[in-house]
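What follows is a set of notes on a single structure, which appears directly below.
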Amino acid sequence: LCVDVSSSMLEPGLEQGMTNLEVVKEVVADFVSGRSDDRIGLVTFAGYARMVCPLTLDQDAVLEHLSEVECVRPNSEEDGTAIGLALGQAARKLKDSDAASRVIILLTDGEENRRVIDPREAAALCKDLGIRVYTVGAGRQYMNTFGGRVEVGLDTQLLEEVAQKTEGKFWRAK
């Protein structure tokens, strides 16, 4: 699992009174709880990607690490959205796995703005390694304009491309 922890995840989420990150953590916790036979790892990313929990069958360990996940400080050096780095970090951990099926689920509310590793190149690496990537665009971001508020900031085209290139799927959570 790759979870976006950029400061934009502090924005109001899909559920009233919850941030994007709180909503994502709740959904991920439900997902993990239903996967007792799968090894799951957790990578968080903003401007950098970090392995928070290595691949394990221990659901409680994953859930404990997930509960401790927090967003980076707004406007800090670490802020940003490095989707390519997150995919690369997750692929590096999965490449030697002997599992019959290797999958990355990436949850983000933003768009790639770090370009250390192009997400399309990271997707090509995943495809070469036989890893499918499922992308989830979560949360809503708005910009005030003269005509009202317009939803912005989620690069659905990129997320669709990454998923399609690896024979995965893209979902837009609303």
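Before moving on, here are some points about what is shown:
- Nonlocal amide H pairs with G41, under 5 Å, H built at 1.01 Å: T56
- Within the accessible surface of the chain, defined with a 1.4 Å probe on protein heavy atoms only, the carbon and sulfur portion equals 46 percent.
- Each residue, A124 and E26, gets one label point 7 Å from its Cα in the Cβ direction; the gap between the two is 4.0 nm.
- 3J(HN,Hα) couplings calculated from phi for region 54-67 with the Karplus curve 6.51 cos²θ - 1.76 cosθ + 1.60 (θ = phi - 60°) are, in sequence order, x, 4, 7, 8, 7, 4, 4, 5, 4, 5, 5, 5, 4, 5 Hz; Gly and Pro show x.
- Counted over the chain, the DSSP beta bridges are approximately 40% antiparallel.
- Amide H within-cut-off set for T135, under 5 Å, with H built and near neighbours excluded: L106, K169, F170, W171
- Across region 90-104, coupling constants 3J(HN,Hα) worked out from phi with the 6.51/-1.76/1.60 Karplus curve, θ = phi - 60°, read 5, 4, 4, 6, 8, 4, 9, 5, 9, 5, 5, 9, 10, 9, 10 Hz, and Gly and Pro carry x.
- Gain in span if fully extended, D37 to N113, counting 0.36 nm per residue against the direct Cα distance: 23.8 nm
- Computed from phi, the 3J(HN,Hα) profile of region 8-18 under the Karplus parametrisation 6.51, -1.76, 1.60 (θ = phi - 60°) reads 5, 6, 7, 5, x, x, 6, 9, 4, x, 10 Hz, with x in place of Gly and Pro.
- Listed candidates (i) 54, 32, 29; (ii) 41, 41, 32; (iii) 41, 36, 32 - label of the one calculated as Cα extents along the principal axes in Å: (i)
- Shape call, region 18-93: gyration tensor on alpha carbons, a/c limit 1.5: oblate
- Separation of alpha-carbon centers, region 79-112 and region 23-59, rounded to whole Å: 11
The values are calculated or read from the model by the stated rules, or taken from the named source; none is laboratory data. Since this is a predicted model, take the numbers as computed values, not measurements. Reconstructed Cβ throughout: ideal geometry from the backbone, glycine too, with neighbour counts over all protein chains shown. Side chains included, ligands, DNA and RNA excluded: accessible areas come from the protein's heavy atoms. Shrake-Rupley method; radii C 1.70, N 1.55, O 1.52, S 1.80 Å.
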